[in-house]
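Presented below is the structure to which this report refers.
The values are calculated or read from the model by the stated rules, or taken from the named source; none is laboratory data. Remember, predicted model here, so these are calculated numbers, not experimental data. With ideal geometry, Cβ positions are generated from the backbone for all residues, glycine too; neighbour counts draw on all protein chains shown. In case anyone asks, the SASA skips ligands and DNA or RNA and just uses the protein heavy atoms, side chains included. Shrake-Rupley method; radii C 1.70, N 1.55, O 1.52, S 1.80 Å.
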Amino acid sequence: MLEMLPGLIRIYEEWAERYPDVQPLTIQFAAGETSDGGLDGVLAYPLDGHWLLVTFGLTELGEKTSDEPRVSGAGFEFTCRIPREDRDKSVPAWILRVLHALADHFLSGSDLDVGHWIVTPSPLGGDPANGDMTSLVIVPDVDVRAMDTDNGIVLFFQLVGLKADEGADVQKAGTAAPLVALLRDRDPRMLTNPGRETVRL
């Protein structure tokens, strides 16, 4: 059973202020699936038309163990929003694989921050149904950008899926900012929707 550590309770509380009437599913990764400091699991909020995923475990959920008092653990957790039908009761496995892999990517020494993008060699999560959505960009979460905890600040980095041509445009431009602005204009929630049309700069 999942232990309700203070840091996890704080994440629950923060998102409950934003969605007070929504009970999230708590998806806990089995022991051995995570590395030290890696993801412990994901909170999945079944919202109208989409899932909101919020990770936990990259920040310090229990006692303070890092030397930086102002920052909790890695300093951030991931969020992501994907389409959801009203009848959907479970979270697609592919997005859990994406969140897990990106956390491992960070723990292996890769720097991740707002404005960074990641080009993947295959459809997101290795799911052929995701077609040419093969890249991700990191933006501040559209609902909760940061929160304070007893162990320091926690930022929320929203992952947004990009189509192959969009990823190529970002690589060529050397910045994701113009594309992110266009995507935000078209969808303020910044859903990672493999079925959407490609946006060209």
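A 1.4 Å probe over all protein chains sorts W94, W117, W15 by accessible area into W117, W94, W15, starting with the largest. Would you mind telling me the share, in percent, of accessible area of the chain contributed by carbon and sulfur at probe 1.4 angstrom? Using a 1.4 Å probe with all protein chains present, the chain comes out at 50 percent carbon and sulfur. Relative to the Cα centre, the charge distribution of the chain, modelled as +1 at Lys and Arg Cβ and -1 at Asp and Glu Cβ, gives a dipole magnitude of about 640 debye. For a Förster distance of 30 Å, can you work out the FRET efficiency between the beta-carbons of E17 and S110, rounded to the nearest 0.05? Here the calculated transfer efficiency is 0.40.
The helix-based estimate of mean residue ellipticity at 222 nm for the chain, built from -39,500 (n - 2.57) per DSSP H run of four or more residues and divided by its residue count, is -7500 deg cm²/dmol to the nearest 500. Overall shape: prolate for the chain, with the ratio a/c of the largest to smallest alpha carbon gyration tensor axis at 1.5 or above and a/b above b/c. Placing unit charges on each Cβ (+1 for Lys and Arg, -1 for Asp and Glu) gives the chain a dipole about its Cα centre, and among L201, L53, L179 the Cα reaching farthest toward its positive end belongs to L201. Spread over its residues, the convex hull of the C-alpha atoms of region 122-201 is 108 Å³ per residue. According to the Kirkwood relation over distinct C-alpha pairs, the hydrodynamic radius of region 55-127 is 14.4 Å.
Across K172, K89, K64, K163, the residue with the most accessible area heads the list, and the full order at a 1.4 Å probe is K172, K89, K64, K163.
Looking at the chain, the accessible area is 49 square angstrom per residue; that uses a 1.4 Å probe and ignores ligands, DNA and RNA. Projecting label points 7 angstrom from Cα along Cα→Cβ for V199 and D165 puts them 1.5 nm apart. Take every DSSP beta bridge whose two residues both sit in the chain, then give the antiparallel share in percent to the nearest 5. Antiparallel bridges: around 85 percent, rounded to the nearest 5.
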